[in-house]
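The values are calculated or read from the model by the stated rules, or taken from the named source; none is laboratory data. This is a predicted model, so every value here is computed, not measured. Using ideal geometry, Cβ is built from the backbone for each residue, glycine included, and neighbour counts are taken over all protein chains shown. For the accessible areas, the whole protein counts, side chains as well, though only heavy atoms, and no ligand, DNA or RNA atoms are used. Shrake-Rupley method; radii C 1.70, N 1.55, O 1.52, S 1.80 Å.
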Amino acid sequence: MRLGVLDVGSNTVHLLVVDAHRGGHPTPALSQKSALKLAGHLDSTGALTEQGHDSLLTTIGESAQAAARHGCKELLAFATSAVRDATNSGEVLDSIRNLTGVDLQVLTGPEEARLTFLAARRWYGWSAGNLLMLDIGGGSLEIAAGHDEEPEVALSLPLGAGRLHRQWTPSDPPTADQVEELKKLLAGKLSSAAKKIKAAGPFDQVVATSKTFRTLARLTGAAPSSAGPRAIRTLTAPGLRQVAAFLQRMASVDIACLEGVSATRAGQIATGALIAEATVNALGLE
């Protein structure tokens, strides 16, 4: 069966078309991404602006048409932090449904953490043992852990790279004061979450997902995307600390020139590195 999955994230809207059957691995047929940066289109009241709404409508409509052209029997559409946090999300969802025919479902934070954990578990299998999953999105940070397909603990914190970049490190590059204030915020926000996660340990395998972690790993010497999905990519705590300190002192225009950094994320990758470093430190990971 050919399925379409539409992921409306805080940074990117991603359409993935796959051929799937029960018990088999999904075979990708199409991957189409649009960098909308929805979280940047929330106004002072937390509502999605008219421009953001129009851009989202257009992108979802085009994605639905692409899915139909590629023979999808069903389109599963879901949204995460940006739409979840919008104060006018109900109106936005109704508009999308009425004008595009797409029933966009909003995942709660814990649901997002649970599904990301499930994807990691399916990829690594039971041999991974007690698995810890970390995911840095544009609007939120997800952490989940457990021995089974359903995590024992699944947390979502409003500590996404895009969100914190806009709120705490708007300078380019960020000032020393901004960096220190953000580090204090992260340490405080992660303290209670870390206690809950550590209680589910010790962990046999730690997996970091998301574009932010992949970029940070690439900057510390991990294999590029062209090496394929099965290349072993490792991000160490010392390597993360070094790259975080390095990125804090660079302007986004220079960061965008580094191998493995996309232009659309160059502005927030230094903030993402600080979030990753704080999470690793809070959980005592190497």
Once the piece of chain linking Thr87 and Thr236 is laid out straight, how much longer is it, given 0.36 nm per residue of separation minus the C-alpha distance between them? 49.8 nm
Taking the inverse of the average 1/r across all pairs of different Cα atoms in the chain, what Kirkwood radius in Å do you get? 19.6 Å
Using the Cα gyration tensor of region 147-267, the equivalent ellipsoid's semi-axes, largest first and to the nearest Å, work out to 26, 22, 12
Solvent-accessible surface ranking, highest first, for Ile136, Ile232 at 1.4 angstrom: Ile232, Ile136
What is the Cα centroid distance between region 1-23 and region 163-234, reported in whole angstrom? 25 Å
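Among bridges DSSP assigns within the chain, what percent are antiparallel (round to 5)?
Values: 27 of 40 bridges.
If we restrict to bridges inside the chain, about 70 percent are antiparallel.
What's the ranking of 160-169, 240-249 by average number of surrounding C-beta atoms within 10 Å, highest first?
160-169, 240-249
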A student applying the Cα gyration tensor rule (rounded when a/c is under 1.5; otherwise prolate if a/b is larger than b/c, oblate if not) would label region 1-135 oblate
In nm, give the distance between the simple-model label positions of Arg97 and Lys184, each being 7 Å from the Cα along the Cα-to-Cβ direction. 4.5 nm
Rounded to whole Å and sorted largest first, list the principal axis extents of the Cα atoms in region 88-197. 45, 42, 22
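Test of understanding: what is the full-extension gain from Arg69 to Glu50, defined as 0.36 nm times their sequence separation minus their Cα-Cα distance? Mind showing how you got there, number by number?
Details: separation 19, 0.36 × 19 = 6.84 nm, distance 2.86 nm.
Here the answer is 4.0 nm.
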Taking all protein chains together and a probe of 1.4 Å, list Glu142, Glu62 from the most accessible to the least accessible. Glu62, Glu142
Rounded, prolate or oblate: which fits region 31-77 when a ≥ b ≥ c are the square roots of the eigenvalues of the alpha-carbon gyration tensor, with rounded for a/c under 1.5 and prolate only if a/b beats b/c? prolate
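Just need the relative contact order of the chain here, percent rounded to a whole number, with Cα pairs under 8 Å and 6+ apart.
15 percent
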Protein-only accessible surface order, largest first, of Glu181, Glu149 at 1.4 Å: Glu181, Glu149
Along the Cα→Cβ direction, 7 angstrom out, place labels at Arg22 and Ala199. What is the inter-label distance in nm? 3.8 nm
Computed accessible area, Lys198, all protein chains, 1.4 angstrom probe, square angstrom: 110 Å²
What lysines sit close enough to Lys33 to cross-link, taking a C-alpha to C-alpha distance under 20 Å and skipping anything fewer than 8 places away on the same chain? Lys211
